[in-house]
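What follows draws every value from the coordinates through simple rules; no lab data is involved. Because the structure is predicted, anything quoted here is derived from the model rather than measured. All Cβ positions, even for glycine, are placed from backbone atoms using ideal geometry, and neighbour counts span all protein chains on display.
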Amino acid sequence: MPDPQRGELLYSTHCIACHTTQIHWRDKKLAKDYPGLVAEVGRWQKLAGLGWNADDIAAVARYLNTLFYHYPVP
């Protein structure tokens, strides 16, 4: 299971500068379910050139899901 504390650390270190909490609850959010959330985290980390592995992506997705989205996790 992904570590949400690691996800929080990665997010707060690399993502929070561009993301406010508003991005996660806006009406036009791109992630419609948990797999979509994982895909969006993966897409954005790649665009930012962060080089995260699958565990890092999963940890950030789990953190965001716990905090904002509350999607069922497969």
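Laid out as a table, the results:
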item: At R0 = 22 Å, FRET efficiency that the Cβ-Cβ distance of LEU47 and VAL73 yields, to 0.05; result: 0.35
item: Segment LEU30-GLN5, length gained on full extension (0.36 nm per residue, minus Cα span); result: 6.6 nm
item: Spacing of the two label points (7 Å from each Cα toward its C-beta) at ALA39 and THR13, in nm; result: 2.8
